[in-house]
Amino acid sequence: MKKLVKNNVYWLGKVDWGVKGFHGDEFATHRGSSYNSYLIQEEKTVLVDTVSASFAKEFVENLSNEVELNKIDCILVLHGEGDHSGALPELMKHIPDTPIYCSANAVKSLKGQYHQDWNFNVVKNGDKLDIGNGKELMFIEMAMLHWPDSLAAFMTGDNILFSNDAFGQHYATGKLFNDQVDQCELMQEAMKYYANILAPFSMLVKRKIAELTALNLPIEMIVTSHGTGWRENPQQIIDKYDEWANNYQENQITIVYDTMYNGTKELAEAIAEGIELEDQDVLVKVIHLAKHDLSDVIVEVFKSKAVAVGSPTILNDVMNSVAAFAHYTKLMKLKNKKAAAFGCYGWSGEAVKLLNQRMKDAGFDVIGEGCRISWAPDEDAKKSAVEFGRTIAKA
Ligand code: FEO
């Protein structure tokens with residue numbers, strides 16, 4: 001169903017209420033998602049992005065109900081990833097010669113995915129496209145927000161920034177704008193999206209926000225490729241990205257662990273007690289890794305100033321969920337955070353030493369040697385875990 005964005009600009013995307021995973025199942029989309037495509041009907045008719053391949057036929061049918069397909073003057077592919085370009089092959093069957101405006105890297109990604117030699121028109125930072133009625137689309141390179149091919153486009157006159165992935169959320173809602181939805185849900189999903197998708201590129205995000213600010217564009221509305229757009233104070237999400245990109249942390253310490261016979265779980269709780277005894281202001285969260293999705297856990301790490309990671313030793317190493325946590329955390333390239341390791345063992349007991357090294361490799365500043373307890377923790381062992389919690393809080 002077509003929805004009005006502003007004046008002659010319409011949303012024609014797909015709300016995917018049921019999707020539970022993005023990037024395969026790497027990112028748990030508990031609140032679904034949407035693939036936002038926009039139709040600009042000025043003197044020129046311009047389509048901005050498409051939707052996921054799963055909805056290609058439905059999308060092209062809806063589009064053809066709104067506009068004769070051969071009246072589309074051009075298509076902007078702001079980013080080649082399949083969630084936005086997936087319906088292109090179906091659409092281009094109908095209008096194979098229609099110009100596609102995109103970055104040079106997007107040509108590579110589209111050719112790589114669809115093996116078609118469409119009518120590509122490469123655009124660069126600052127290039128402008130006249131769409132009639134005195135309005136233009138100005139392209140802004142957004143490399144790594146989210147892929148090397150990403151672009152945004154600013155529409156003059158209506159002052160709309162088509163930001164593609166940047167500023168989006170995996171958040172299914174029938175509403176197009178931030179002022180129409182639950183603010184807690186919106187900001188939770190915007191942060192989760194940043195922490196999982198953009199955090200590894202925070203240095204580039206900072207630079208891009210500075211460049212965007214320097215352009216001094218009169219942005220009245222940001223429309224994204226996922227979730228809601230921002231029309232009430234659109235600057236707020238730009239400011240949030242600037243804050244999140246700048247070694248973000250809250251007054252939180254997160255304890256993550258896995259456990260076989262509850263020994264390491266008991267240590268986790270004793271460490272939490274120690275932190276709270278030492279610092280009554282800090283927010284402490286304890287997470288059993290095997291029971292949670294890593295894309296949720298990483299948000300807690302993103303918010304934390306320190307993380308304690310626990311695993312018993314199994315087969316001379318750590319448990320799978322803890323290994324996956326350390327790996328994922330390394331990929332996120334988080335800065336300015338501390339880590340500490342703990343765990344029980346029966347025989348060889350390598351887990352704590354390995355975790356110290358893995359968290360160091362992930363860029364964390366490791367606190368001490370860790371808390372390593374043989375067999376099930378007795379009262380003395382729990383006291384030493386409480387002390388270790390105090391040490392973490394002091395650090
Ligand atoms: Fe929403 Fe990078 O695709």
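The values are calculated or read from the model by the stated rules, or taken from the named source; none is laboratory data. These figures come from a predicted structure and were not determined experimentally. No Cβ is skipped: glycine too gets one built from the backbone with ideal geometry, and neighbour counts run over all protein chains shown. Heads up: the accessible areas ignore ligands, DNA and RNA and are worked out on the full protein's heavy atoms, side chains in. Shrake-Rupley method; radii C 1.70, N 1.55, O 1.52, S 1.80 Å.
Results, tabulated for the structure shown:
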item	result
Selection status of residue 123, in contact with a Gly (Cβ under 9 Å, 6 or more places away or on another chain) and of a type in the set (A, V, I, L, M, F, W, C)	no
Subset tally (residues that are out of contact with any Ser or Thr (no Cβ under 9 Å at 6 or more places or on another chain) and of a type in the set (A, V, I, L, M, F, W, C)) for the stretch 290-314	3
Residue within the stretch 116-138 that is under 28 Å from the mean Cα position of the chain (by Cα), within 16 Å of the ligand (Cβ to nearest atom) and either open to solvent by less than 60 Å² (accessible area, probe 1.4 Å) or modelled with pLDDT of 95 or more (or both) present	no
Filter result (of a type in the set (Ser, Thr, Tyr) and either open to solvent by 20 Å² or more (accessible area, probe 1.4 Å) or away from the ligand (no atom under 13 Å from the Cβ) (or both)) within the stretch 162-183	173
Scan of the stretch 141-160 for residues that are within 16 Å of the ligand (Cβ to nearest atom) and part of a strand (DSSP E or B), ordered by number	141, 151, 152, 153
Pairs where the first residue, in the stretch 374-386, is at pLDDT 95 or above and the second is open to solvent by 80 Å² or more (accessible area, probe 1.4 Å), C-beta under 6 Å, 6+ apart	386/273
Residue within the stretch 100-110 that is open to solvent by less than 20 Å² (accessible area, probe 1.4 Å), among the hydroxyl-bearing types (Ser, Thr, Tyr), more than 22 Å from residue 174 (Cα to Cα) and within 16 Å of the ligand (Cβ to nearest atom) present	yes
Filter result for the condition that a residue is more than 28 Å from residue 198 (Cα to Cα), among the basic types (Lys, Arg) and open to solvent by 10 Å² or more (accessible area, probe 1.4 Å), over 14, 93, 20	93
Residue check, residue 257 away from the ligand (no atom under 15 Å from the Cβ) and either in the same structural domain as residue 303 (by TED's automatic domain parsing) or among the aromatic types (Phe, Trp, Tyr) (or both)	yes
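Every residue, every condition in (1) modelled with pLDDT of 95 or more; (2) surrounded by fewer than 16 Cβ atoms within 10 Å (Cβ to Cβ); (3) under 29 Å from residue 204 (Cβ atoms), yes or no:
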position: 272; (1), (2), (3): yes, no, no
position: 275; (1), (2), (3): yes, no, no
position: 297; (1), (2), (3): yes, no, yes
position: 320; (1), (2), (3): yes, yes, no
position: 341; (1), (2), (3): yes, no, no
